[in-house]
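Structure record follows, encoded as structure tokens.
The values are calculated or read from the model by the stated rules, or taken from the named source; none is laboratory data. The shown structure was predicted, so the numbers you read here are calculated from the model rather than taken from an experiment. Cβ placement follows ideal geometry from the backbone for every residue including glycine, while neighbour counts extend to all protein chains displayed.
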2 protein chains.
Amino acid sequence: MFPDTSVKELNEMMFDAWTAFHEYRKLPLKARAAFMRGIAIEIENCGDILIEAAMKETHLSEARLRSERARTILQLNQYADACEKGDWLEARIDTAVPSKNPPKPDIRKMMIPIGPVVVFGASNFPFAYSTAGGDTACAFAAGCPVIVKAHPAHAYTSHIVADAIYKAAAYHNMPKGIFNHAYGESFEVGKALVLHPYTKAVGFTGSYAGGKQLFDWANQRKEPIPVFAEMGSVNPVFLLPEKLKSSAQEIAAMYASSITVGSGQFCTNPGLMIGVDGDDLKTFVHDLGKAIQKVQPAPMLHAGIVKSYKEKKGNALLQDGVHLVAESEMEVKEGEGLPTVATVSGETFLKNPLLHQEVFGPYSLVIRCKDMNEMLTVARHLEGQLTSTIMATDNDVKQYEALIESIKNICGRFILNGVPTGVEVCLSIHHGGPFPATTDSRFTSVGADGIKRFARPICFQNWNNQLLPDELKNENPLGIWRTVNGELSKAKI
Amino acid sequence: MFPDTSVKELNEMMFDAWTAFHEYRKLPLKARAAFMRGIAIEIENCGDILIEAAMKETHLSEARLRSERARTILQLNQYADACEKGDWLEARIDTAVPSKNPPKPDIRKMMIPIGPVVVFGASNFPFAYSTAGGDTACAFAAGCPVIVKAHPAHAYTSHIVADAIYKAAAYHNMPKGIFNHAYGESFEVGKALVLHPYTKAVGFTGSYAGGKQLFDWANQRKEPIPVFAEMGSVNPVFLLPEKLKSSAQEIAAMYASSITVGSGQFCTNPGLMIGVDGDDLKTFVHDLGKAIQKVQPAPMLHAGIVKSYKEKKGNALLQDGVHLVAESEMEVKEGEGLPTVATVSGETFLKNPLLHQEVFGPYSLVIRCKDMNEMLTVARHLEGQLTSTIMATDNDVKQYEALIESIKNICGRFILNGVPTGVEVCLSIHHGGPFPATTDSRFTSVGADGIKRFARPICFQNWNNQLLPDELKNENPLGIWRTVNGELSKAKI
């Protein structure tokens, strides 16, 4: 429907973005925030046409898409508030000490934007992690122009959202080039954007293969640039003994739902469940299997994802020692993902790296460990994860401290007695994790701390007060929090 | 004197570091801080033996080395204070909202250490950027074990400092493997350390070639890791018209000193000075030349650096359009760097990329622009820098806003009417900058914010208060600043 953007057009977009960068970065925080809120309003104004386009392209349910659009609007408004509030600027002021030998100069530091950001939309979140999603909102808040490459699986939806951004940009008199929208079925479009010298950072949500490729291109540039790729994970769930004994049935019911919600198409989908073999685990597996049999299959995003799910799941089930526990027994249609649970021993799991890999879809593998030592070994051999979960009583947590510490070391979000699906949009969230969950474990892609991905510090030495940016002036005209001579304060100097 | 550490020994060090990591990361902040202060005491206790060893190995003056040792001790104590104070933990708490639909869980976030850190000592700072220097201090504060590869040019000095760290570790009952010291003339030792799977980050201060090689190795790993390489820069100084008119002579005197201090062996050495051609610039160049002629040459660090200085300077002076302004006319001995200033037109500078590169030593190039537009073009064509300086009146700053904005965009520290040499150790400092000044412009290698290089966030969802780390408990037992439901506070919840 949309032809690939030509190299000539990409170069024009990047040139315009670079030009816009020099204007946009000078705008006050409140102007950036107003623009972001304007985008939220324009997305709201798209009305049902947007929902209908997304339903058609992604096969996600209307309820899910309405809720995702609401979340996208929430993100834009929440990050706009954070942008204005200015905590992310990390303003630090150390005033001069002329009596020191040599005299200590006045030094003041704050974050400034890094430059044009290229954002790759995710197939599984057509709004919240796409065109006007978290990466775009964070980049605008930081002071960076954005170039979005639409995900080909929902290019029309992306087109509508892009129009909303263009409208908001015009209404708020943003510089030409503050935002541009590119199309590309071919990977060459993405490659050209990542390699362009004016590109200063990349945001991506998607597969390991895709994210790692962008990361490698970015690091092979003459001037390497940061890539924030969120590449999914298997999100292990550890079932601790006392909790499993008391609550096997409740956990099974809770997880039958978490494994299959949204046809399993979340990067936080629980793909591994780890317990110690015995009657309690048998009860859990039995109940989980029974519940999975009754889950109605739901459509997956597109034919490629259905195919990949079938292949990866099929391959996992063919591995030595892997046993099918249950599949959904409800009617399944073309394009739907069949909810499935399998099981394997801890020993076999440890020997087979293929079983550590994500199967994107409504699938989970239960690992039967022979004892808690083997569970610890499993935890120590897992790769980096977005989330890890323990189902545990207080006693369990206290008794298995080494396990808890090992789990901490591999994940970005650690859930106690809950499910990993569902990512709260708030300042305290960390949606990230050690490689290969992401390419940079130090940053989050959800929550206002994500703004910091697209900023870097600069310090001003020996500047006169009236020549400093407002953020660092003695009078603190923006009323932001600053660390002044070592102490956090909103006071004037 | 010290044989290269064998691969077997390196593997043992890394294994011990990994084991130590699991113990050290659990220690309270005050235990880490006490250990760091213990290292400062042990370095002090080394007494004159340490200064004498460094004088012999580096040829730096006694006064300089005493001051550098004092700075190293200051860093350890200052970062220990920051470690305990806990601002770097970026604690964020959003309490549960059970009435929301779906209910919002309690989520709390803080920084945790990333794992063993490999530090490469710098030849030009045998204390402050070496064995117990800023990288090591930051890693210990963050909760990470450290493996230092001694710089071969001051291996014995490094050995003495390493012993001080071992002593402090023993006194404070640190786990075995919290620190190890490796030797290597061969690059294979460094390569093995960077590629080791237990290494989780690298700190480096030195040449572009060295830093970029470590960066490439780190990114080619199965699990890429962050490299914080500070690779130097040319630190441009822009001479604005009104200021140059009023103060050409003072600036010349100030810079004759800054260019040649420490035989020019600072990463912040001013290697380019940019003005508009005319009488004022002629006065400046004349006076700078006169002053340089009278600067006494001083020894450089080692024969390799002398050779490289002669070659790079010689090559720069051979370029078309480059004219020698002056060399020191004082007696010069073997192993000393000859203070030198040259000049070139803006047009020629813009055409010749070789002239944009650092000449490590007491050398600076004055660029004569035909007008302020050409100065702006020069600013826009410079690579990333640790520092940039403008010599300017208030009027100059207001009149040449586009120039000021362009300079902001290329540097980490921006000095007004001062010299770039001399890096204050304080929270507001930023010692870093866009590539190729460093491999990661988002982090500083000086000041307590450098701790954040070796930490990453984790969030805890739905945890009971008593099971949370002290940093995140309702009672705030550590009394640290936390962002609670959006507001910074030290209060209990």
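For segment A:211-225, which positions are touching a strand residue (DSSP E or B) at 6+ places or on another chain (Cβ under 7 Å) and either under 20 Å from B:Leu382 (Cα atoms) or more than 11 Å from chain B (Cβ to nearest Cβ) (or both)?
Answer for segment A:211-225, where residues must be touching a strand residue (DSSP E or B) at 6+ places or on another chain (Cβ under 7 Å) and either under 20 Å from B:Leu382 (Cα atoms) or more than 11 Å from chain B (Cβ to nearest Cβ) (or both): A:Gly211, A:Leu214, A:Ile225.
Which residue, of B:Phe266, B:Phe228, is under 16 Å from the mean Cα position of the chain (by Cα) and within 14 Å of another protein chain (Cβ to nearest Cβ)? Outline the logic, then answer.
Numbers: B:Phe266 fails: within 14 Å of another protein chain (Cβ to nearest Cβ).
Only one candidate qualifies: B:Phe228.
Would it be correct to say that B:Ala139 is touching a Gly at 6+ places or on another chain (Cβ under 9 Å), over 23 Å from B:Thr421 (Cβ atoms), at pLDDT 95 or above and in the same structural domain as B:Pro175 (by TED's automatic domain parsing)? Steps first, please.
Details: touching a Gly at 6+ places or on another chain (Cβ under 9 Å): yes; over 23 Å from B:Thr421 (Cβ atoms): yes; at pLDDT 95 or above: yes; in the same structural domain as B:Pro175 (by TED's automatic domain parsing): yes.
So B:Ala139 fits the description; yes.
Would you please name the residue that is nearest to B:Asn219 (Cα to Cα), looking only at residues in segment A:440-460 that are at the interface with chain B (Cβ under 7 Å from one of its Cβ atoms) and part of a loop (DSSP other than H, G, I, E, B)? Can you show your working first?
Taking segment A:440-460 and keeping what is at the interface with chain B (Cβ under 7 Å from one of its Cβ atoms), we get A:441-442, A:444, A:456-460.
Those still in the list that are part of a loop (DSSP other than H, G, I, E, B) too: A:441-442, A:444.
Numbers: A:Ser441: 14, A:Arg442: 16, A:Thr444: 20 Å.
That would be A:Ser441.
Of all the helices (runs of 4 or more DSSP H) wholly in segment A:187-303, which have at least 2 residues that are of a type in the set (Ser, Thr, Tyr) and over 22 Å from A:Leu65 (Cα atoms)? Lay out the reasoning, then the answer.
Working: elements: A:187-195, A:208-220, A:241-260, A:279-293.
It comes to A:241-260.
So which of B:Thr283, B:Thr340, B:Thr268 ends up being out of contact with any strand residue (DSSP E or B) (no Cβ under 6 Å at 6 or more places or on another chain) and either buried (at least 23 other Cβ atoms within 10 Å of the Cβ) or hydroxyl-bearing (Ser, Thr, Tyr) (or both)?
Numbers: B:Thr340 fails: out of contact with any strand residue (DSSP E or B) (no Cβ under 6 Å at 6 or more places or on another chain); B:Thr268 fails: out of contact with any strand residue (DSSP E or B) (no Cβ under 6 Å at 6 or more places or on another chain).
On inspection, the qualifying residue turns out to be B:Thr283.
Considering only residues that are outside any loop (DSSP other than H, G, I, E, B) and free of Cβ contacts under 8 Å to residues at least 60 places away in the same chain, look in segment B:347-358 and name the one that is surrounded by the most Cβ atoms within 10 Å (Cβ to Cβ). Spell out the reasoning first.
If we filter segment B:347-358 for residues that are outside any loop (DSSP other than H, G, I, E, B), which is where we start, we get B:347-351, B:353-356.
Retained after the next criterion (residues that are free of Cβ contacts under 8 Å to residues at least 60 places away in the same chain): B:347-351, B:353-355.
Numbers: B:Glu347: 16, B:Thr348: 15, B:Phe349: 26, B:Leu350: 18, B:Lys351: 12, B:Pro353: 10, B:Leu354: 11, B:Leu355: 22.
For segment B:347-358, the residue satisfying everything is B:Phe349.
For segment A:424-439, enumerate the residues that are more than 9 Å from chain B (Cβ to nearest Cβ) and either surrounded by fewer than 23 Cβ atoms within 10 Å (Cβ to Cβ) or farther than 15 Å from A:Thr268 by Cα (or both).
In the first step, residues of segment A:424-439 are kept if they are more than 9 Å from chain B (Cβ to nearest Cβ); the result is A:425, A:437-438.
Selection gives A:Val425 alone.
Please specify each residue of segment A:87-109 satisfying the condition of being within 12 Å of chain B (Cβ to nearest Cβ) and crowded, with 19+ Cβ neighbours inside 10 Å. Before you say what the answer is, go through the steps one by one.
Filtering segment A:87-109 for residues within 12 Å of chain B (Cβ to nearest Cβ) gives A:87-88, A:90-97, A:100-109.
Once the filter is applied, which keeps residues that are within 12 Å of chain B (Cβ to nearest Cβ) and crowded, with 19+ Cβ neighbours inside 10 Å, segment A:87-109 yields A:Asp87, A:Trp88, A:Glu90, A:Ala91, A:Arg92, A:Ile93, A:Asp94, A:Pro105, A:Asp106, A:Ile107, A:Arg108, A:Lys109.
Please work out if B:Ile458 is within 30 Å of A:Val227 (Cα to Cα), buried (at least 19 other Cβ atoms within 10 Å of the Cβ), touching a Gly at 6+ places or on another chain (Cβ under 9 Å) and among the hydrophobic types (A, V, I, L, M, F, W, C). I'd like the intermediate steps shown before the answer.
Working: within 30 Å of A:Val227 (Cα to Cα): yes; buried (at least 19 other Cβ atoms within 10 Å of the Cβ): yes; touching a Gly at 6+ places or on another chain (Cβ under 9 Å): yes; among the hydrophobic types (A, V, I, L, M, F, W, C): yes.
The answer is yes for B:Ile458.
Based on what the data block shows, is B:Pro145 farther than 30 Å from A:Thr444 by Cα, touching a residue at least 12 places away in the same chain (Cβ under 8 Å) and within 14 Å of chain A (Cβ to nearest Cβ)?
Working: farther than 30 Å from A:Thr444 by Cα: no; touching a residue at least 12 places away in the same chain (Cβ under 8 Å): yes; within 14 Å of chain A (Cβ to nearest Cβ): yes.
Considered against the rule, which asks whether it is farther than 30 Å from A:Thr444 by Cα, touching a residue at least 12 places away in the same chain (Cβ under 8 Å) and within 14 Å of chain A (Cβ to nearest Cβ), B:Pro145 comes out as no.
Within segment A:461-493, restricting attention to residues that are among the basic types (Lys, Arg) and in a loop (DSSP other than H, G, I, E, B), which residue is surrounded by the most Cβ atoms within 10 Å (Cβ to Cβ)?
So the first thing to find is which residues in segment A:461-493 are among the basic types (Lys, Arg), and the list is A:473, A:482, A:490, A:492.
Narrowing further to those that are in a loop (DSSP other than H, G, I, E, B): A:473, A:490, A:492.
Values: A:Lys473: 18, A:Lys490: 12, A:Lys492: 11.
The selected residue is A:Lys473.
Considering B:Ala169, B:Ala132, B:Ala153, B:Ala164, which residue is within 18 Å of the chain's Cα centre (by Cα) and among the hydrophobic types (A, V, I, L, M, F, W, C)?
Values: B:Ala169 fails: within 18 Å of the chain's Cα centre (by Cα); B:Ala153 fails: within 18 Å of the chain's Cα centre (by Cα); B:Ala164 fails: within 18 Å of the chain's Cα centre (by Cα).
When all the criteria are applied, what remains is B:Ala132.
Condition check: in contact (Cβ under 8 Å) with a residue 12 or more places away in the chain, in the same structural domain as A:Ala53 (by TED's automatic domain parsing) and in a helix (DSSP H, G or I). Does A:Tyr156 satisfy that? Step through it out loud before you land on a result.
Values: in contact (Cβ under 8 Å) with a residue 12 or more places away in the chain: yes; in the same structural domain as A:Ala53 (by TED's automatic domain parsing): yes; in a helix (DSSP H, G or I): yes.
Yes: the conditions hold for A:Tyr156.
What do you reckon, is B:Ala70 small (Gly, Ala, Ser), surrounded by fewer than 15 Cβ atoms within 10 Å (Cβ to Cβ) and within 14 Å of chain A (Cβ to nearest Cβ)?
Details: small (Gly, Ala, Ser): yes; surrounded by fewer than 15 Cβ atoms within 10 Å (Cβ to Cβ): yes; within 14 Å of chain A (Cβ to nearest Cβ): yes.
Against the criterion (small (Gly, Ala, Ser), surrounded by fewer than 15 Cβ atoms within 10 Å (Cβ to Cβ) and within 14 Å of chain A (Cβ to nearest Cβ)), B:Ala70 qualifies.
Applying the selection to segment A:308-337, what residues are out of contact with any strand residue (DSSP E or B) (no Cβ under 6 Å at 6 or more places or on another chain) and acidic (Asp, Glu)?
Within segment A:308-337, A:Glu311, A:Asp320, A:Glu329, A:Glu331, A:Glu334 meet the criteria.
Which ones in segment A:362-374 are part of a loop (DSSP other than H, G, I, E, B) and either within 26 Å of A:Ser263 (Cβ to Cβ) or at pLDDT below 95 (or both)? Reasoning before the result, please.
Taking segment A:362-374 first, the residues part of a loop (DSSP other than H, G, I, E, B) are A:362, A:370-371.
Once the filter is applied, which keeps residues that are part of a loop (DSSP other than H, G, I, E, B) and either within 26 Å of A:Ser263 (Cβ to Cβ) or at pLDDT below 95 (or both), segment A:362-374 yields only A:Pro362.
Table: residues versus (1) under 26 Å from the mean Cα position of the chain (by Cα); (2) part of a loop (DSSP other than H, G, I, E, B); (3) over 13 Å from A:Gln265 (Cα atoms).
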position: A:Ser308; (1), (2), (3): yes, no, no
position: A:Asn315; (1), (2), (3): no, no, yes
position: A:Val325; (1), (2), (3): no, no, yes
position: A:Glu331; (1), (2), (3): no, yes, yes
position: A:Phe360; (1), (2), (3): yes, yes, no
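Which of the residues spanning segment B:405-415 are under 14 Å from A:Leu467 (Cα atoms) and either surrounded by fewer than 21 Cβ atoms within 10 Å (Cβ to Cβ) or more than 9 Å from chain A (Cβ to nearest Cβ) (or both)?
First pass over segment B:405-415, keeping only residues under 14 Å from A:Leu467 (Cα atoms): B:405, B:408, B:414-415.
If the condition is that a residue be under 14 Å from A:Leu467 (Cα atoms) and either surrounded by fewer than 21 Cβ atoms within 10 Å (Cβ to Cβ) or more than 9 Å from chain A (Cβ to nearest Cβ) (or both), then B:Glu405, B:Lys408 are the ones that fit.
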